[in-house]
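Before any comments, here is the structure.
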Amino acid sequence: MKDENSILYVQTTDAPEKQYSPLVLAQTAKMMDINPKVYYLGTGLKILKPGIAETIKLGSFPSVAEMLQKTLEMGIEIYVCEASKQMLGWEKVSLIPGVKIVGAGTLNDLALESGATMWF
């Protein structure tokens, strides 16, 4: 069922300068009573490996690790593509706590159910 009051933010890259937008927008959406979800795909997963997000801090923003933690603490779901994990050869690699590993079809379902989808 479509939720017009929801936004799906899809992160496809590990580029440091592209890490903040989906997290800032998801947090802002939550504060606006919009239902945000974040989905990591492809090389975006590299950010979710323990210790990596702590090393990324741009400008006056907190580290990406702090942004991820705040996103999860706000109750925003962060999904991770299992096929992308396999593509990276990470079947046995643990990711940061709190993220949900899901099948590739979940992205299609989330996109169809969301009122809007934004890709980064």
For residues in segment 6-23 being in a helix (DSSP H, G or I) and in contact (Cβ under 8 Å) with a residue 60 or more places away in the chain, which is farthest from residue 111 (Cα to Cα)? 18
Filtered residues of segment 85-120 (kept if within 15 Å of residue 12 (Cβ to Cβ), touching a helix residue (DSSP H, G or I) at 6+ places or on another chain (Cβ under 6 Å) and of a type in the set (Gly, Ala, Ser)): 104
Log entry, pairs with first residue in segment 90-116 being at pLDDT below 95 and outside any loop (DSSP other than H, G, I, E, B), second being surrounded by 13 or more Cβ atoms within 10 Å (Cβ to Cβ) and of a type outside the set (A, V, I, L, M), beta carbons closer than 9 Å, six or more apart or on different chains, reads 104/81; 104/82; 104/84
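Can you say whether residue 28 is polar (S, T, N, Q), part of a helix (DSSP H, G or I), at pLDDT 95 or above and surrounded by 15 or more Cβ atoms within 10 Å (Cβ to Cβ), as far as the supplied structure shows?
On the way: polar (S, T, N, Q): yes; part of a helix (DSSP H, G or I): yes; at pLDDT 95 or above: yes; surrounded by 15 or more Cβ atoms within 10 Å (Cβ to Cβ): no.
Criteria not met by residue 28.
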So residue 21, is it surrounded by 14 or more Cβ atoms within 10 Å (Cβ to Cβ) and polar (S, T, N, Q): no
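The values are calculated or read from the model by the stated rules, or taken from the named source; none is laboratory data. Nothing here was measured: the structure is a model prediction, and the numbers come from that model. Here Cβ is always computed from backbone atoms with ideal geometry, including for glycine, and neighbour counts include all displayed protein chains.
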